[in-house]
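Colleague: Below is the structure I would like to discuss, written out as structure tokens.
All of the numbers you see were taken from the coordinates with simple rules; none came from a lab. These numbers were taken from a predicted model, which means no experiment stands behind them. Neighbour counts are summed over all protein chains in view; Cβ atoms, including those assigned to glycine, are modelled from backbone coordinates with ideal geometry.
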2 protein chains.
Amino acid sequence: MSQARIGKLVVIGTGLIGGSFALDLKHAGLVGEVVGVGRSRGNLERALQLRVIDRAEQDAARAVEGADLVLLATPVGQMDAVLAAIAPVLPRAAIVTDAGSTKRDVAALYRRHLADTLDRCVPAHPIAGSDLSGAAAARYGLFDGRKVVLCPLAETAAASRDTVAALWAACGARLVELAPERHDAVFAAVSHLPHLLAFAYMNSVLDRADADTCLALAASGFRDFTRIAGSHPEMWRDIALANRDGLLADLRAFRTELDALIGKLDACDGDALAERFARASAVRAGWGK
Amino acid sequence: MSQARIGKLVVIGTGLIGGSFALDLKHAGLVGEVVGVGRSRGNLERALQLRVIDRAEQDAARAVEGADLVLLATPVGQMDAVLAAIAPVLPRAAIVTDAGSTKRDVAALYRRHLADTLDRCVPAHPIAGSDLSGAAAARYGLFDGRKVVLCPLAETAAASRDTVAALWAACGARLVELAPERHDAVFAAVSHLPHLLAFAYMNSVLDRADADTCLALAASGFRDFTRIAGSHPEMWRDIALANRDGLLADLRAFRTELDALIGKLDACDGDALAERFARASAVRAGWGK
């Protein structure tokens, strides 16, 4: 789609997601210049070396001068400050989108800082997170076959939404649309809760006197179960706080399930344990097939 | 080692582990005949078709006549009945080993059923479990580079231990020796607890009204975190019951960690959350490197 060609793309937060988006659009010939914004000089220099970005800038307000599209790809906890900084200087025609892992809070930030240009704001969430982070983790093709959830505001113009959708489609992504509230409920359950459980589990192993022996003998089950415990601590603190109410409800529901399991094991109720395991196993074995 | 050549190998439980052990020894030319024992006719026929075994037998006592080595590769909950069945007819010279995921209970079973031939008993645990099961999952090379934990009894003869060690070494496995008590404590922490948490998590998702949307939007974090929730329900019921006291202690320690996390999130204590996440993330990112 011709409307998806972008003259100047500004990626604020030049990490795995922002960097991979830039690489895909460059490869597809859909972008003129990519300006990368970040707090870390070292990361920006790596992004330049790897040709993820064409120009580096540490000042977000200066970077967005003349921008056609701005992608906010920082941890969600930084987006308030970033939007406050760019709002006074953002070109009227610039589309602003994001890759935030939570959507109710980001939608509220658009309303607070960009109240006059909500037609140009397109909240979004590419489902391509990883335990890897930084510009060095960016790669062409990261979004191929992945889902991107768009959560347009009531005020978002169809043209803005379509431009962002076309760019993600050019990256090979499949688009899904959800209201911000439903997005946050679903991702509390399938992403935020497992991350917190994985962090908690790793800490419970590290608290053991025989932690070193445990880590030495742990195998593939441990490897996969804990992979997400290697994720970016600051990003996950921000997500947990941003989606706090839904996540607390899910943590408590999980705790109830855990208590029931402990009760069944304590009572040596093998039939009840096998029944719960079989229900989980049957669904998981068929998932994604 | 010449002592490791086995004339007649009897594999009781012809699934992923038992079948892969048989395939590796056949490939290495270290075994004459492999007799597979199982409860399921269909599984035994598949094992014959795939040449995992040379002969199928549903009666364990008949199978062990003339055996040189017997591998118990059933879920641990079946080993009491299997040992009771074979004990009266087992050749005096036969070595008996197992692939049970718990070791204190299996050591106790050897003492109960094979009290007069404990010199020939070698409790062991190959760390190569999977969410896959059955003869069709067996494959050559499964144990290459994997660890096998040997938990010899005080009465186990060095020659018996060495034969079993040599066979696993021929499969490419690396051998580790631990007392049964330490084995069970370590594997409660790094294997049994994560499996129970994965089962409980899957059930907490399935209990949601929006479970279908959740499963449709779940991505790679969910995929890896829940892989072990696809495991064999009966096998994991048996493991949970066999290692009940250690596992209950670990489940309760995890719940304490979880409660602390819920408390920090409830209090919006971002610094404390980030500190816990960073500790877990740093260790996990360096693990296995």
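Colleague: I want to verify a result. In a Gaussian network model of chain A, Cα cutoff 10 Å, which of these has the top mean-square fluctuation: A:Thr102, A:Thr117, A:Thr256?
Modeller: A:Thr256
Colleague: A further question follows. Can you give the charge dipole size of the protein assembly as shown about its Cα centre, rounded to the nearest 20 debye, using +1 on the beta carbon of Lys and Arg and -1 on the beta carbon of Asp and Glu?
Modeller: Using Cβ point charges on Lys, Arg, Asp and Glu, the protein assembly as shown gives about 1100 debye.
Colleague: Starting from the Cα gyration tensor of the protein assembly as shown, take the square roots of the eigenvalues, sort them a ≥ b ≥ c, and report rounded, prolate or oblate (rounded when a/c is under 1.5, otherwise prolate if a/b is larger than b/c, else oblate).
Modeller: Details: a/c = 2.64, a/b = 2.27, b/c = 1.16.
Prolate, since a/c reaches 1.5 and a/b exceeds b/c.
Colleague: Can you find, among A:Ala138, A:Ala87, A:Val106, the residue farthest towards the positive end of the dipole of segment A:1-158? Put +1 on the C-beta of Lys and Arg, -1 on that of Asp and Glu.
Modeller: The residue sitting farthest along the positive end of the dipole is A:Ala138.
Colleague: If you don't mind, another one. So for chain B, taking the charge dipole from beta-carbon charges (+1 Lys/Arg, -1 Asp/Glu), which of B:Cys121, B:Phe225, B:Ala67 sits furthest toward the positive end?
Modeller: Ranked along the dipole, the leading option is B:Ala67.
Colleague: Which whole-Hz couplings ³J(HN,Hα) result when phi for each residue of segment B:227-236 is put into the Karplus expression 6.51 cos²θ - 1.76 cosθ + 1.60, θ = phi - 60°, listed in order with x for Gly and Pro?
Modeller: Karplus values, whole Hz, x for Gly and Pro: 3, 6, 6, x, 6, 5, x, 5, 4, 7.
Colleague: Now a separate question. What shape does segment B:182-286 have by the C-alpha gyration tensor, where a ≥ b ≥ c are the square roots of the eigenvalues, rounded means a/c under 1.5, and otherwise prolate means a/b greater than b/c and oblate the rest?
Modeller: Here segment B:182-286 falls in the oblate category.
Colleague: Would you mind listing the distances between the B:Gly288 label point and the same position in each other copy? Use 7 Å along Cα-to-C-beta, nm, one decimal, shortest first.
Modeller: 1.4
Colleague: Which distances, shortest first and in nm, link B:Arg51 to the matching position in the other copies, using label points set 7 Å out along Cα to C-beta?
Modeller: 5.0
Colleague: Continuing with this model, one more query. In debye, nearest 20: dipole of segment B:182-286 around its Cα centre with unit charges on the Cβ of K, R (+) and D, E (-)?
Modeller: 280
Colleague: Using a 7 Å offset from Cα along Cα-Cβ at B:His27, what residues in segment B:128-159 end up with backbone N under 11 Å from the label point?
Modeller: From segment B:128-159, the list is B:139-145.
Colleague: Follow-up question, since we're still on this one. Taking B:Gly263 in one copy and the same position in all the others, each labelled 7 Å out along Cα→Cβ, what are the pairwise distances from the first, in nm, shortest first?
Modeller: Copy-to-copy label distances for B:Gly263: 2.4 nm.
Colleague: Residues with beta-carbon under 14 Å from that of A:Thr102, excluding A:Thr102: net charge, scoring Lys, Arg +1 and Asp, Glu -1?
Modeller: Local charge sum for A:Thr102: -3.
Colleague: Follow-up question, since we're still on this one. Where does helix B:104-113 land angle-wise versus the long Cα axis of chain B, in degrees 0 to 90, nearest 10?
Modeller: With both axes taken from Cα atoms, the answer is about 30 degrees.
Colleague: With the cut-off at 1.5 for a/c, could you classify segment B:2-178 from its C-alpha gyration tensor as rounded, prolate or oblate?
Modeller: Taking the square roots of the gyration eigenvalues as a ≥ b ≥ c, segment B:2-178 is rounded.
Colleague: Along the charge dipole of segment A:147-289, pointing to its positive end and built from +1/-1 on Cβ of Lys, Arg, Asp and Glu, which listed residue (A:Val149, A:Leu258, A:Ala200) has its Cα farthest out?
Modeller: Selected residue: A:Val149.
Colleague: Give the chain B residue with the shortest beta-carbon distance to the rotation axis relating chain B to chain A, plus that distance as a whole number of Å.
Modeller: It is B:Asp224, 2, counting Cβ atoms only.
Colleague: Sticking with this one: Would you please give the FRET efficiency between A:Asp116 and B:Ala211, computed as 1/(1 + (r/R0)^6) with r the Cβ-Cβ distance and R0 = 51 Å, to the nearest 0.05?
Modeller: 0.80
Colleague: Give a quick list of trypsin sites (Lys or Arg not before Pro) in segment B:1-94 that DSSP marks as loop, anything other than H, G, I, E or B, with at most 16 other Cβ atoms within 10 Å.
Modeller: Those satisfying the criteria are B:Arg39, B:Arg51, B:Arg92.
Colleague: I need the calculated FRET efficiency for the pair B:Ala108 and B:Ala267, taking r as the beta carbon distance and R₀ as 35 Å, to the nearest 0.05. Write out the running numbers ahead of the final one.
Modeller: Numbers: r = 47 Å, r/R0 = 1.33.
It comes out at approximately 0.15.
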